[in-house]
Amino acid sequence: MILIAIVFFVLLFLGAPVAFAIGISGFTFFLTSDVMPISIGVQKIATVSQSFPLLAVPFFVLVGHLMNESGITGRLFKFSHVAVAWMAGGLAQVSIILSTLMGGVSGSAVADAAMEARILGPQMIKHGYSKGYASSVIALSSLITATIPPSIGLILYGYVGQVSIGRLFMAGIVPGLLMMVFLMVAAWIVAKRRNYVVADSRRPTPSELGRAAWQAKWALLFPVLLIVSIRGGIFTPSEVGAFAVVYSILVGRFAHRELTLARITTAFSDAITDIGLIMLIILMSGMIGFAIIFLQAPQDIAQALLSSLSDPRAIVAVILISLFLAGLFFESTILVLLLTPIFVPVIEKAGVDPVHFGILMMTIVTLGSMTPPVGVAMYTVCSILDTPLEEYIRESLPFFLAIFLLLLLLLFVPQLTLFLPNLMFG
């Protein structure tokens with residue numbers, strides 16, 4: 001296990017692509033093993049590719065690109081603007097609401113952050129918001145995408161950890177909405193103290209809010225249909241991804257009349273690139289996942305933690321701290337694929353619900369996309385808005401505090417996460 005880790009870190013340090021670093025370190029285990037032939041490693045790559053639940057990933061990646069090309073983003077932006085632009089830090093509140101709504105569409109924190117940085121970032125700076133404040137709001141609010149269904153991270157966690165994806169989708173709704181509230185409060189406090197102007201000081205009338213919601217009805221209806229169809233047994237999580245592709249094409253082509261053949265081609269082209277990157281990482285991780293289980297790493301870690309800690313919450317807290325530190329250096333997809341097989345057996349032995357842990361894990365590892373030194377969402381937003389990194393770090397502290405407070409609340413009150421899945425699935 002130590003040799004695998006050394007090879008992996010050395011390859012990353014030398015600048016090797018992540019998928020190849022995972023693949024080569026996985027093959028290292030089979031090449032140095034006395035009992036495991038290398039043909040098993042190849043079989044593990046092929047086995048991962050034959051997974052039906054994993055079909056949800058490429059489907060939902062494609063859905064995100066199709067909906068961005070179908071006019072849904074613009075309608076969601078208008079609805080968010082009408083709903084909360086009158087509040088202190090109005091455009092920041094719009095960003096947070098939009099991230100919540102887009103979480104049910106894009107499924108990707110980085111895609112969400114990039115989109116909002118282009119649409120909202122220049123407007124926020126034009127209205128007198130500091131670049132650091134604008135960048136930190138946009139980057140940190142995209143974290144909501146980690147829990148609001150259909151989160152791609154939750155699909156991967158459910159697949160690797162053998163946890164119900166339907167229950168994970170239901171479990172992510174309340175934490176996602178709570179994250180929206182916590183971030184809105186943080187944005188309001190900072191904006192109030194700095195006297196940031198509001199985009200529109202006039203509160204919307206019920207009719208104005210209703211008109212904006214009606215114009216965005218197909219986008220607002222999508223996450224509802226997703227949950228209802230899974231709960232009602234109409235579709236599995238993988239099948240609902242295929243339904244979502246058809247839904248987004250029909251809405252964009254016939255309801256919004258914006259999804260032209262050229263735009264469909266663009267959406268498929270962008271999606272194929274993203275899917276190729278994600279799937280190559282997933283396939284290569286099959287070998288390391290097998291090696292982790294074969295070497296009994298989960299059992300060793302469980303024994304070490306359970307022998308020194310008795311409180312399940314303390315065990316989860318220690319794991320979350322280690323995941324946060326790992327998230328500073330590695331992308332969330334990698335951590336989910338490599339560490340889920342290790343930590344799910346540990347928390348199950350400690351008596352913790354894997355659905356509850358999955359929401360906490362996805363939140364904390366995705367947070368790494370918004371933190372130095374390798375935060376993808378952070379660098380994306382800062383580069384688009386030309387924000388100095390030190391200014392982003394300083395301005396993001398209130399939002400990090402809000403997220404850590406929410407994580408503590410979710411850790412000590414697990415029913416906030418488990419209420420909906422228990423209600424819907426029993």
Amide H within-cut-off set for F235, under 5 Å, with H built and near neighbours excluded: I230
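Only Cα pairs under 8 Å and at least 6 apart count here; give the relative contact order of the chain as a rounded whole percent.
Details: 657 pairs, mean separation 112.4, N = 426.
Averaging sequence separation for qualifying contacts and normalising by length gives 26 percent for the chain.
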Inter-label distance, nm, simple model (7 Å from Cα along the C-beta direction), Q43/F268: 3.7
Cα lying deepest toward the dipole's positive end in region 149-304, options G232, I292, V190, charges on Cβ: V190
Crossing angle, helix 56-69 versus the chain [Cα axis fit, 0-90 degrees, rounded to tens]: 20
Cα-based convex hull volume of region 242-327 per residue, rounded to whole Å³: 171
Two-site label geometry, L261 and I234: point separation in nm, points 7 Å out along Cα→Cβ: 3.1
For region 348-399 versus region 216-277, the gap between their alpha-carbon centres in whole angstrom: 27
Angle between the chain longest axis and helix 206-215 axis [Cα atoms, degrees, rounded to 10]: 50
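May I ask which of K78/K192; K78/K126; K192/K217 have a Cα-Cα span longer than 26 Å here? If you can, show how the numbers build up before the last one.
Details: K78/K192 23 Å; K78/K126 18 Å; K192/K217 32 Å.
Listed pairs above 26 Å: K192/K217.
For E348 and I6 in the same chain, what is the full-extension length gain: residue separation times 0.36 nm, less their Cα-Cα distance, in nm?
Numbers: separation 342, 0.36 × 342 = 123.12 nm, distance 2.84 nm.
Result for the pair: 120.3 nm of gain on full extension.
Any idea of the accessible area per residue across the chain, 1.4 Å probe, to the nearest Å²?
On the way: 17690 Å² over 426 residues.
Value returned for the chain: 42 Å² of accessible area per residue.
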Net charge dipole size for the chain [Lys, Arg +1 and Asp, Glu -1 on Cβ; Debye, nearest 20]: 1180
Summed side-chain charge close to M424 - residues other than M424 whose Cβ falls under 13 Å, Lys, Arg +1, Asp, Glu -1: +2
Local electrostatic count, G132, Cβ distance below 13 Å [Lys/Arg +1, Asp/Glu -1]: -1
Those lysines that a straight Cα-Cα span of less than 24 Å connects to K44, excepting residues fewer than 8 apart in one chain: none
Charge context of M102, other residues only, Cβ under 12 angstrom, K/R +1, D/E -1: -1
Extension gain from I321 to L209, taking 0.36 nm per residue of separation minus the Cα-Cα distance: 36.2 nm
Förster radius 22 Å - calculated FRET efficiency between V224 and V246, Cβ distance, rounded to 0.05: 0.85
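Going by a ≥ b ≥ c, the root eigenvalues of the Cα gyration tensor, does region 266-407 fall in the rounded group (a/c under 1.5), the prolate group (a/b larger than b/c) or the oblate group? It would help to have the intermediate numbers written out before the result.
Numbers: a/c = 2.52, a/b = 1.32, b/c = 1.91.
The shape class here is oblate.
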The chain, helix-only ellipticity at 222 nm - DSSP H runs n ≥ 4, -39,500 (n - 2.57), divided by all residues, nearest 500: -24500 deg cm²/dmol
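For the chain, what % of the accessible area comes from carbon and sulfur atoms, probe 1.4 Å? Let's see the in-between values first.
Working: 12260 of 17690 Å².
Here carbon and sulfur together make up 69 percent of the probe-accessible area.
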Degrees separating the helix 415-425 axis from the principal Cα axis of the chain, which is the longest one: 80
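The values are calculated or read from the model by the stated rules, or taken from the named source; none is laboratory data. Everything numeric here is computed off the predicted structure, so don't read it as measured data. No Cβ is skipped: glycine too gets one built from the backbone with ideal geometry, and neighbour counts run over all protein chains shown. SASA here: full protein model, heavy atoms, side chains in, ligands and nucleic acids out. Shrake-Rupley method; radii C 1.70, N 1.55, O 1.52, S 1.80 Å.
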